[in-house]
1. Along the three principal axes, how long is the range 56-122 when you take its alpha carbons, biggest first, rounded to the nearest angstrom?
2. If you plug each phi of the range 80-91 into the Karplus form 6.51 cos²θ - 1.76 cosθ + 1.60 with θ = phi - 60°, what whole-Hz ³J(HN,Hα) values come out, in order, with x for Gly and Pro?
3. How long are the semi-axes of the equivalent ellipsoid of the chain, taking √(5λ) for every eigenvalue λ of the Cα gyration tensor, in whole Å from largest down?
4. Counting only pairs 8 or more residues apart or on different chains, how many lysine pairs in the range 26-94 have their Cα atoms under 26 Å apart?
5. In the chain, if the dipole is taken from +1 on Lys/Arg beta carbons and -1 on Asp/Glu beta carbons about the Cα centre, which of Val120, Ala14, Thr78 is farthest to the positive end?
6. Could you give the dipole magnitude of the chain about its Cα centre, charging the beta-carbon of Lys and Arg +1 and that of Asp and Glu -1, in debye to the nearest 20?
7. Could you check how much of the accessible area of the chain is carbon and sulfur, as a whole percent, using a 1.4 Å probe?
8. What distance in nm separates the two pseudo spin-label positions at Trp112 and Ser17, each 7 Å out from Cα along the beta-carbon direction?
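The values are calculated or read from the model by the stated rules, or taken from the named source; none is laboratory data. Please read these numbers as outputs of a predicted model, since none were measured by experiment. Cβ placement follows ideal geometry from the backbone for every residue including glycine, while neighbour counts extend to all protein chains displayed. Protein only, heavy atoms only, side chains kept; ligands, DNA and RNA dropped before computing areas. Shrake-Rupley method; radii C 1.70, N 1.55, O 1.52, S 1.80 Å.
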Amino acid sequence: QVQLVESGGGLVQAGGSLTLSCAASGGTFSNYYMGWFRQAPGKVRNLVGDISWKGANTYYADSVKGRFTVSRDNAKNTVYLQMHSLKPEDTAVYYCAARRGINRGLSSWDYWGQGTQVTVSS
């Protein structure tokens, strides 16, 4: 059983930056693809980006390409989401998730964090 704990959320002005962290425990971290999702009130949970087991491959949603970066440190069992040029529409609860396989569909993710709120003011 893998436990995921996010941190780093908060309130930031539009155009600002924020870095989220997700610490994993209870499993072999490098066995999992890691990803970040977000969910705004009344909307579905969407994948923001993910990173492969050793960090060689990353994926980003079109809405965040060029602004967000997913990285991981397998020695620290931690995955990061660096967010730059933040916009009010980036406001959401951000969730860290882990999966074993390469399928990134929502149902393919095995473990989830509790989420951290990011609010971008205009």
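1. Result for the range 56-122: principal-axis Cα extents of 38, 25, 23 Å.
2. Going residue by residue, I get 10, 10, 8, 10, 10, 6, 5, 10, x, 6, 7, 4 Hz, with x marking Gly and Pro.
3. 23, 14, 14
4. Values: Lys43/Lys65; Lys43/Lys87; Lys54/Lys65; Lys54/Lys76; Lys65/Lys76; Lys65/Lys87.
Lysine pair count for the range 26-94: 6.
5. Result: Thr78.
6. That gives a dipole near 180 debye.
7. C and S fraction of accessible area: 48 percent.
8. 3.1
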